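Asks: To start, I am sharing the structure in question, which I have written as structure tokens.
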Amino acid sequence: MLFDSHAHLDNVRFNDDLEEVIKRARENGVTGIINAGACMESSAASIRLAEQYDSIYAAVGVHPHDVKDIKPGDYDQLAEWTKHPKVVAIGEIGLDYYYNHSPKEVQHQALIAQIDVARQTGMPIIIHDRDAHGDVLQIIKKEAKGLTGVFHCFSGSMEMMREVVAMGFYAAFGGSVTFKNAAKLPAIAAAVPLERLLLETDCPYLTPEPKRGRRNEPAHVKYVAEYIAKLRNMEFTALAEATTDNAKRLFGID
Ligand code: NI
């Protein structure tokens, strides 16, 4: 069994064949999927998907790209949504200095405010960090004491991975670990303590080898699992089981 800890199945690219995509996930052993919110609309869509499909759980939150559009009352709405039994995290939230679609200051404020929502509601956080490692770490250290969560699509250094683990957080890896230009990422994925490792697709993006170039989907998490199992010199089933257990523990799923 496998767990895709980060998917965007509400994306328009799944509009025509979502039933088939869910079926293929099931046929490939994917027993759980976290659908991550990226804005208020997609957070609501995540909840609808979680209501529709047993294997899907929802995260609600506003991505750094979209925080410039946050309106008064949105944070209260996020908190309200966490009362839903299938809402299991606040995310994805974070900083993105690669695109800077929202001003840095607004990104910082919104990240801190959403960490607050997580604290008030007892939710773990799903962190998006692109080219913002130093500031993300600093904010998490200062504002998220006592919280837990995951650095989705981990892209930091070996040293940062150790800090993330020391803070009680998890590191998630997806298709990018399988890419030819992955640099040190495979070595980092091999070094994460097994009990802090998560797998993900971030579908429809970041399709792993050997499917790169096509749309990504939760069934492809098996390629990430195969790749990381090899890196760690482990049996596929042992890695699949451990990472599934980790996801269930982090997100409080039975
Ligand atoms: Ni994402």
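Asks: Toward the positive end of the charge dipole of the chain, about the Cα centre and with charges on Cβ (Lys, Arg +1; Asp, Glu -1), which of 28, 183, 197 goes farthest?
Replies: Value: 183.
Asks: Relative contact order, percent, of the chain when contacts are C-alpha pairs under 8 Å separated by at least 6 residues?
Replies: 20
Asks: Still on this structure, I have one more. Report the calculated FRET efficiency for residue 190 and residue 97 (r = Cβ-Cβ distance, R0 = 22 Å), to the nearest 0.05.
Replies: It comes to 0.20.
Asks: Between the stretch 51-130 and the stretch 159-187, what is the separation of their alpha carbon centroids in Å?
Replies: The stretch 51-130 and the stretch 159-187 have Cα centres spaced 22 Å from each other.
Asks: Another question, if that's okay. Which entries in the list 86/248; 83/141; 104/142 go over 20 Å, if you measure between the two C-alpha atoms of each?
Replies: 83/141, as the Cα separations exceed 20 Å there.
Asks: Counting each DSSP H run of 4 or more residues in the chain as -39500 (n - 2.57), what helix-only mean residue ellipticity at 222 nm follows after dividing by all residues, to the nearest 500 deg cm²/dmol?
Replies: -12500 deg cm²/dmol
Asks: Only sites in a loop by DSSP and with at most 14 other Cβ atoms within 10 Å count here; which chymotrypsin sites (Phe, Trp or Tyr not before Pro) in the stretch 63-121 make the cut?
Replies: 98, 99
Asks: Check which residues have an amide H placed less than 5 Å from residue 203's amide H, if you skip close sequence neighbours.
Replies: Hits under the 5 Å cutoff: 8.
Asks: Mind sorting 201, 82, 148, 237 by how few other Cβ atoms lie within 10 Å of their own Cβ, fewest first?
Replies: Sorted ascending by nearby Cβ count, the order is 237, 148, 82, 201.
Asks: Taking the Cβ-Cβ separation of residue 48 and residue 233 as r and a Förster radius of 35 Å, what is the calculated FRET efficiency to the nearest 0.05?
Replies: Here the calculated transfer efficiency is 0.25.
Asks: Would you mind listing how long the stretch 1-135 runs along its three principal axes, going by Cα atoms, in whole Å with the largest first?
Replies: Result for the stretch 1-135: principal-axis Cα extents of 44, 31, 26 Å.
Asks: Name the residue, out of 171, 183, 25, whose mean-square fluctuation peaks in a Gaussian network model built on the chain with Cα pairs under 10 Å.
Replies: Among 171, 183, 25, the largest GNM mean-square fluctuation belongs to 183.
Asks: Amide H to amide H, which residues 5 or more places from residue 89 or on other chains are under 5 Å from it, using H placed in the peptide plane?
Replies: 60
Asks: Among 110, 72, 170, pick out the residue whose Cα is farthest towards the positive end of the charge dipole of the chain, where Lys and Arg carry +1 and Asp and Glu carry -1 on C-beta, about the Cα centre.
Replies: 170
Asks: Note down the magnitude of the dipole of the chain about its Cα centre, charges +1 on Lys and Arg C-beta and -1 on Asp and Glu C-beta and zero elsewhere, to the nearest 20 debye.
Replies: 580
Each reported figure results from applying straightforward, stated rules to the coordinates on display, with no laboratory input. Not measured: the values here are computed from a predicted model. As a convention, Cβ positions derive from the backbone with ideal geometry for all residues, glycine included, and neighbour counts pool all protein chains shown.
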